[in-house]
Amino acid sequence: MYLHQVMTRGHRLSVVGFGVALVCLAQCRRREIVRSDATPPAATERARAAPEPRDAPPAVADAASDAESPLEPSQGRWLEGNIYQFRVDEIRRCTPPALVGFVRVGVLVRVASKMDELLVAPRDVKLEAGGVILESTVLPSAAGGCAPILAPKSLRAGKSAAGVVVFDLPAGFNAEHRPLKVTYQPTRWGGARRVEAVLPPESISR
């Protein structure tokens, strides 16, 4: 009897010991999993110190290359405005003006209206080169070689007007032989789009 009690108690102790061992093993296993998933302190500090990505600034080289890219000549081609069409047909050499050192040229333009009561006037046509902007010259009559001049006119939708716009070029104008631009924007209409007709530098020779 006494021997049976000892054996039963020993069996119970072995079962309890085995259970305690299983619990300890499970806890150790859990700690290993937590440690393997945890982020190292050094990596956490690097993540905190790393700055947030920002949008890269535009490349200066690309902007410079775009600015220096050659412009496509547009003489003889219709340019689309929002309420009109504009076209440069020809460059003419006019009779020299009375001003010493100036050269007079005429630009034959054509404007087609997309709306009623579009006022076409030579003052809205300008000549540009190298940042210098020239206003058109108002003449009482057409200069030699530059007729007919563009007269102010109100157009209905679908109608067009054509004529020569005169410019007096000062000495040294476009000395660097940059592309020329004939621009047009009806000033009477605040929302009218500006268009630019590009001409090669040799279009106007002094």
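The values are calculated or read from the model by the stated rules, or taken from the named source; none is laboratory data. Bear in mind the structure is a predicted one, so any value in this text is a computation, not a measurement. With ideal geometry, Cβ positions are generated from the backbone for all residues, glycine too; neighbour counts draw on all protein chains shown.
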Flag if Ala197 is part of a strand (DSSP E or B) and either farther than 16 Å from Cys94 by Cα or outside the structural domain of Val88 (by TED's automatic domain parsing) (or both):
yes
Please determine, by comparing only the residues of the range 149-166 that are among the hydrophobic types (A, V, I, L, M, F, W, C) and in a loop (DSSP other than H, G, I, E, B), which one is surrounded by the most Cβ atoms within 10 Å (Cβ to Cβ).
Leu150
Being farther than 17 Å from Val125 by Cβ and touching a residue at least 24 places away in the same chain (Cβ under 8 Å) is the filter here; which residues of the range 81-106 pass it?
Asn82, Arg93, Thr95, Pro97, Leu99, Gly101, Phe102, Val103
Is it true that some residue in the range 127-144 is over 16 Å from Arg104 (Cα atoms) and acidic (Asp, Glu)?
no
